[in-house]
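Okay, structure first, notes after.
The values are calculated or read from the model by the stated rules, or taken from the named source; none is laboratory data. Just so you know, these numbers come straight off a predicted model, no measurement behind them. Using ideal geometry, Cβ is built from the backbone for each residue, glycine included, and neighbour counts are taken over all protein chains shown. Heavy atoms of the whole protein, side chains included, go into the accessibility calculation; ligands, DNA and RNA do not. Shrake-Rupley method; radii C 1.70, N 1.55, O 1.52, S 1.80 Å.
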Amino acid sequence: MTIFKRSDHSRLSLQTWEFTGTALVNLFVWLLVVVYLFPLSYMVVTSLKNREQFLDPNAPLYPAERMRMTYQGRELIVYQVPLQGGSHPLGLLKAGRVSSQFVDPENPEAGIITWEGNWRLLRAVYQFKLSTSNFSEFMSGLDPALLLKNSLAVALIGEFGVLCSSIMVAYGFSRFRIPGGKYLFLLLIATIIIPDSITLIPTYFMYVRILDWNGTWLPLVVPHFFSSAIFVFLLRQNFKSIPKELDEAAMLDGAGPVRILVSIILPQSIPTVSTVALLHFFYAWNEIRNASLYLGIAPQLRTFAFSVQTFQSFFGGTPEMLQVGALVAMSAPVLVLFLAQRLFMQDMVITGMEK
Amino acid sequence: MTASHPRPSRQQQEGYIGLLFLLPWILGFLLFKAGPILAALGFSLTDFKMLSPESTRFIGLENYIRLIGDSNAGAGIFGSIGYFITTVPLQLAVALALAAIFTSDRLKNRRFLRTLFFMPSIISATAIFFVMIGLADPRTGWINKLFLEPLGLPPMQSLFSAMGFTILLMVMALWSIGPGFLILLSAMQAIPQEIYEAARVDGAGPVLRFVSITLPMISPAIFFTLVVNLTGVFGGAVLLDRGYLFSQSLSPMESYITSMMFDEGELGYASTLAWAMFVVTMSITIALFRSARKWVYFPEEERHDDL
């Protein structure tokens, strides 16, 4: 009997420990999230304040405005007034340095209340108030429908190019015995590390002077049709993990290399292919350097990210409008990330870069 | 296995088909990498100017001599290396710690939480910059209101003070850990549980298990994360490129090159600077790859894979 009792007891304390441990781990991670994303809370809160709310130095941190009341057709600002028996929110009717007259918003019929003291020392009463006027002002300065269309077009054309070409190249590297293939792959890895600045000047001159691509989307999309080294690396690694026996079986059935790629390799690589597709989408959406180099002379072709940045540097500049710009600029990628979180970068195991 | 078979024609055929599949990359490499890099080497030997390209002259190594005496270039290169040395280990440590926490079964809503931690990595540099300008605003920003004022510290004047810029760099670095975090997490989750069980039976505690099992087993992922972060610092093709800050980068050397290009219009000298940066980046990368042979664990089957 005693043995049973003890084991019951220890099981109970074990359960308590388990519960406490679980609670602590979850609490810790959620606290971490709050700290990590803290600057974003500033962005969201500030974008919902209008200019007056934002500049009011006494206002609370959350979007709020001064409480007002109407008394005999006049609008009064409500202050917290200390009276006998605690402080009350009262509407200021007549301000004075020595004594001021107030009206009780709850009971205006009670008449005028006179308070002795300097009204400037009183604190206004604030109430929670979201303001969306920033967003309408921001959007009226841009052409959101056109920009959305442009950004989507640039992202999706590039997406098509980078996926087709990177899948092709990764398939070539993972399934064929190519003379010197090992060295070609090392070269590919090396190109991942090449700084953009070294290729910038010659490619700029090639696009603008030789190909006359200035003011078109071509410099933003054409290079993606020649595969991306880092995507090739990720895809090749995934393709190599698919057993070769499947290819060989299909080959005996008379399937050619393209058939094998489409009907055997790709269906088994959906998570990696979608990860690569999402990575490119995030890149294309945020891309600004090429957009500002080549789309400066073509306002009708500008992308969302580029226009938001230009708009802010010319018209915005006030912190609350900057926050609106930031929120608008990040909303599309964040939305896509959350919608696709089931597919994004799940089980991407890297087993070696050189091999 | 087929290598010993005397079937050259079939193998040749396979090689040709394979090369056909590599064609997009080979063409892209020649057109957008090798060609421009060599062209930049050519430009670096001239006094090529943005506004007067027709009067370009060959000036030999003059730009390289100027580079040696240019204290801005030195500061830029050492600034970039310093940025690498300070941010990359920090990013790696935070990503590792976060990934280790996420391997715990006790954590609920893991998919949602990992997306939350990943999210800042896809915010454009411009948006982060806007947020930080607001946060650091001397009158209305929350850094002064919530932290410095209550603590009785002197208020920060703007984002462009030394302190403001340090905060911006830290936020940028910590908000870029997303891809590294997920790659390390996937690697940790792929470690067979039996290894941990065996170590636990042998009496290894959690710290010892982490150091002697987790770290070696995920070393390829650590190496990959390092390479990705390295390219991020030196302005290469990062896994997740968040765009540029008003066509400027946070990397000091890259900012200097960009300003030489677009503000000064000295394309010849900018090409020289870019080449210097290229050489430095490549040296660090080669050193990193050399060191990988000592500390990165390659599974047996990978080592004998001759492809």
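Values for this structure:
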item	result
Filter result (touching a Gly at 6+ places or on another chain (Cβ under 8 Å) and more than 8 Å from every other protein chain (Cβ to nearest Cβ)) within the stretch B:125-142	B:Ala136
Residue in the stretch A:169-192 that is aliphatic (A, V, I, L, M) and closer than 20 Å to A:Leu327 by Cβ present	no
Any hit, the stretch A:213-231, residues being over 28 Å from the mean Cα position of the chain (by Cα) and among the aliphatic types (A, V, I, L, M)	no
Considering residues of the stretch A:236-256 that are of a type outside the set (A, V, I, L, M) and farther than 13 Å from A:Ala170 by Cα only, the residue nearest to the chain's Cα centre (by Cα)	A:Pro243
The stretch B:101-115, residues that are surrounded by fewer than 19 Cβ atoms within 10 Å (Cβ to Cβ) and within 7 Å of chain A (Cβ to nearest Cβ)	B:Ile101, B:Ser104, B:Arg106, B:Leu107, B:Lys108, B:Arg111
Selection from the stretch A:236-256 of residues that are part of a loop (DSSP other than H, G, I, E, B) and aliphatic (A, V, I, L, M)	A:Ile242, A:Ala255
Residue in the stretch A:262-271 that is within 13 Å of another protein chain (Cβ to nearest Cβ) and under 24 Å from the mean Cα position of the chain (by Cα) present	yes
Among (1) open to solvent by 70 Å² or more (accessible area, probe 1.4 Å); (2) assigned to a helix (DSSP H, G or I); (3) in contact with a Ser or Thr (Cβ under 9 Å, 6 or more places away or on another chain), the one test that A:Phe160 misses	(3)
Members of the stretch A:311-321 found to be part of a helix (DSSP H, G or I) and either farther than 30 Å from B:Trp142 by Cβ or open to solvent by 10 Å² or more (accessible area, probe 1.4 Å) (or both), listed by number	A:Phe311, A:Ser313, A:Phe314, A:Pro319, A:Met321
Of residues in the stretch A:225-256 being facing chain B (nearest Cβ under 10 Å) and of a type in the set (A, V, I, L, M, F, W, C), the one most open to solvent (accessible area, probe 1.4 Å)	A:Phe225
Residue in the stretch A:180-194 that is among the charged types (D, E, K, R), more than 29 Å from B:Ser52 (Cβ to Cβ) and open to solvent by 20 Å² or more (accessible area, probe 1.4 Å) present	yes
Residue that is most open to solvent (accessible area, probe 1.4 Å) [pool: residues in the stretch B:75-100 that are small (Gly, Ala, Ser) and under 16 Å from the mean Cα position of the chain (by Cα)]	B:Ala93
Filter result for A:Glu109 (part of a helix (DSSP H, G or I) and farther than 30 Å from A:Tyr42 by Cβ)	yes
Filter result (farther than 29 Å from A:Leu343 by Cα and open to solvent by 10 Å² or more (accessible area, probe 1.4 Å)) within the stretch A:291-306	A:Ser292, A:Leu293, A:Gly296, A:Ile297, A:Ala298, A:Pro299, A:Gln300, A:Leu301, A:Arg302
Selected residue (criterion: farthest from the other protein chains (Cβ to nearest Cβ)) from residues of the stretch A:287-310 that are among the small types (Gly, Ala, Ser) and assigned to a helix (DSSP H, G or I)	A:Ser307
Leading residue by the ranking (most open to solvent (accessible area, probe 1.4 Å)) among those in the stretch B:134-145 that are over 18 Å from A:Leu37 (Cβ atoms) and assigned to a helix (DSSP H, G or I)	B:Lys145
Residue in the stretch B:2-16 that is under 23 Å from A:Lys244 (Cβ atoms), in contact (Cβ under 8 Å) with a residue 12 or more places away in the chain and not basic (Lys, Arg) present	yes
Of the criteria (1) loosely packed, with under 14 Cβ neighbours inside 10 Å; (2) at the interface with another protein chain (Cβ under 9 Å from one of its Cβ atoms); (3) in contact with a helix residue (DSSP H, G or I) (Cβ under 9 Å, 6 or more places away or on another chain), which one B:Arg10 fails	(2)
Residue match in the stretch B:146-162 (condition: open to solvent by less than 20 Å² (accessible area, probe 1.4 Å), free of Cβ contacts under 8 Å to residues at least 40 places away in the same chain, part of a helix (DSSP H, G or I) and closer than 26 Å to B:Val88 by Cα)	no
Of residues in the stretch B:32-52 being small (Gly, Ala, Ser) and crowded, with 18+ Cβ neighbours inside 10 Å, the one nearest to A:Asp196 (Cα to Cα)	B:Ala40
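Table: residues versus (1) of a type outside the set (A, V, I, L, M, F, W, C); (2) open to solvent by 40 Å² or more (accessible area, probe 1.4 Å).
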| position | (1), (2) |
| --- | --- |
| A:Leu31 | no, yes |
| A:Val35 | no, yes |
| A:Thr46 | yes, no |
| A:Glu52 | yes, yes |
| A:Asn58 | yes, yes |
| A:Gly73 | yes, yes |
| A:Tyr79 | yes, no |
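For (1) assigned by TED's automatic domain parsing to the domain that holds A:Leu184; (2) assigned to a helix (DSSP H, G or I); (3) open to solvent by 20 Å² or more (accessible area, probe 1.4 Å), each residue gets a yes or a no:
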residue: A:Val258; (1), (2), (3): yes, yes, yes
residue: A:Thr272; (1), (2), (3): yes, yes, no
residue: A:Trp285; (1), (2), (3): yes, yes, no
residue: A:Ala326; (1), (2), (3): yes, yes, no
residue: A:Leu335; (1), (2), (3): yes, yes, yes
residue: A:Ile350; (1), (2), (3): no, no, no
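So that you can scan it fast, the table gives a plain yes or no per residue for (1) touching a residue at least 40 places away in the same chain (Cβ under 8 Å); (2) closer than 25 Å to A:Ile264 by Cβ; (3) assigned by TED's automatic domain parsing to the domain that holds A:Leu266; (4) not β-branched (Val, Ile, Thr):
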| position | (1), (2), (3), (4) |
| --- | --- |
| A:Arg175 | yes, yes, yes, yes |
| A:Gly180 | no, no, yes, yes |
| A:Ala190 | no, no, yes, yes |
| A:Ile193 | no, no, yes, no |
| A:Ile201 | no, no, yes, no |
| A:Gly215 | yes, no, yes, yes |
